[in-house]
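What follows is a set of notes on a single structure, which appears directly below.
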Amino acid sequence: MANIHPTAIIGQDVQLGDSVEIGPYCIVDDHVTLGNGTRLMAQCHVASYTTMGENNVVYPFASIGHDPEDYAYDPSQGPSYTRIGNNNKFRENVTINRGTHVGTETVIGDGCFFMANTHVAHNCVVGNGVIMVPFSGLAGYCEIGDKCLISGLSGMHQFCRMGRMAVLSGGSTISMDLPPFMIGDGRNGGVRGFNIVGMRRNGFSPETIRAIKDLYNIFFRHGKSMPNAIAQAKEEVPDLPEVREFITFIETTKRGVLSGDHHGRRA
């Protein structure tokens, strides 16, 4: 049974799982679903057509699922959505916007940590275990792979992607894609290393780590064009799943991929 503070405001057609807690002065709009064990601490607002899974925690003054900051948004056309998984934390003043066009959605996976004053814009897809550090933000339609780290005061241009376990350093801004396992730094400054610490902590084998290091050297240390680097990698680097993941990410880029020499290169 849900525990709802008497000062909270709950809309129509709201589905509340077992042990949901809704604290003082929270607002839950119409057509919202909150899964088992989810907690709204106080003075936060969950907007219509938001679905949250189990054991999420929303801290004061967070805004979840509100209208997108997009001139193209027309609410008269019909609803758009926000879909959130399980075990996420949304700290103070976090803002998550729903999709822009009717029937579209913003999606957040499981186990993410959105620190204070972070922003996820409309139609973003955020994977599992992602960490966003204070004052970082994603513009519309960004795609973030599992276990990425977006450091403080960093930002991503709309339609950009970060591959799995990539890291965006503090104060960076990018308008191109950051491949899996790589570390991006600066204003489209390029790839400055690979996430060896994260790979070790997550149990990657020495063979896989060596292969990712080889990819980093081939793609980002010698100024090769992306097609030439792809050809060399396919010939010289072991055919491991992580290697295929990396190469596929680069081959499917639409905005181009950050390079290692201050200049973005297109695949």
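The values are calculated or read from the model by the stated rules, or taken from the named source; none is laboratory data. If you're wondering where the values come from, they're calculated on a predicted model, not measured in any experiment. So basically every Cβ, Gly included, is an ideal-geometry build from the backbone, and we count neighbours across all protein chains shown.
Looking at the range 222-235, I want the residues that are in a helix (DSSP H, G or I) and have a partner that is loosely packed, with under 13 Cβ neighbours inside 10 Å with Cβ atoms under 7 Å, at least 6 apart or on another chain. Which pairs are those?
From residues that are in a helix (DSSP H, G or I), the pairs are ILE230/GLU251.
Can you tell which of GLY145, GLY155, GLY109 is touching a Ser or Thr at 6+ places or on another chain (Cβ under 9 Å), of a type in the set (Gly, Ala, Ser) and buried (at least 19 other Cβ atoms within 10 Å of the Cβ)?
GLY155 is the lone residue from the list that is touching a Ser or Thr at 6+ places or on another chain (Cβ under 9 Å), of a type in the set (Gly, Ala, Ser) and buried (at least 19 other Cβ atoms within 10 Å of the Cβ).
Assess whether GLY129 counts as being assigned to a loop (DSSP other than H, G, I, E, B) and at pLDDT 95 or above.
Yes; evaluated as a whole, the condition is true for this residue.
Kindly indicate which of TYR49, TYR25, TYR73 is closer than 22 Å to PHE159 by Cα and over 19 Å from the mean Cα position of the chain (by Cα).
TYR73
Restricting attention to the range 162-183, does a residue exist that is surrounded by fewer than 18 Cβ atoms within 10 Å (Cβ to Cβ), touching a residue at least 12 places away in the same chain (Cβ under 8 Å), hydroxyl-bearing (Ser, Thr, Tyr) and over 26 Å from ASN123 (Cβ atoms)?
For the range 162-183, residues surrounded by fewer than 18 Cβ atoms within 10 Å (Cβ to Cβ), touching a residue at least 12 places away in the same chain (Cβ under 8 Å), hydroxyl-bearing (Ser, Thr, Tyr) and over 26 Å from ASN123 (Cβ atoms): absent.
Would the range 149-159 turn up any residue that is in contact with a Lys or Arg (Cβ under 7 Å, 6 or more places away or on another chain), aliphatic (A, V, I, L, M) and either part of a helix (DSSP H, G or I) or within 30 Å of PRO79 (Cβ to Cβ) (or both)?
For the range 149-159, residues in contact with a Lys or Arg (Cβ under 7 Å, 6 or more places away or on another chain), aliphatic (A, V, I, L, M) and either part of a helix (DSSP H, G or I) or within 30 Å of PRO79 (Cβ to Cβ) (or both): absent.
Counting just the residues of the range 221-257 that are within 17 Å of PHE181 (Cβ to Cβ) and at pLDDT below 95, which one comes out surrounded by the fewest Cβ atoms within 10 Å (Cβ to Cβ)?
ARG221
From GLY184, GLY190, GLY145, GLY198, which residue is modelled with pLDDT under 95, under 24 Å from VAL243 (Cβ atoms) and in contact with a strand residue (DSSP E or B) (Cβ under 9 Å, 6 or more places away or on another chain)?
Result of the check over GLY184, GLY190, GLY145, GLY198: GLY190.
Step by step: first the residues of the range 192-220, then only those that are surrounded by fewer than 22 Cβ atoms within 10 Å (Cβ to Cβ) and in contact with a Ser or Thr (Cβ under 8 Å, 6 or more places away or on another chain), then the one that is farthest from VAL130 (Cα to Cα). Which residue is that?
Among those that are surrounded by fewer than 22 Cβ atoms within 10 Å (Cβ to Cβ) and in contact with a Ser or Thr (Cβ under 8 Å, 6 or more places away or on another chain), it is ARG192.
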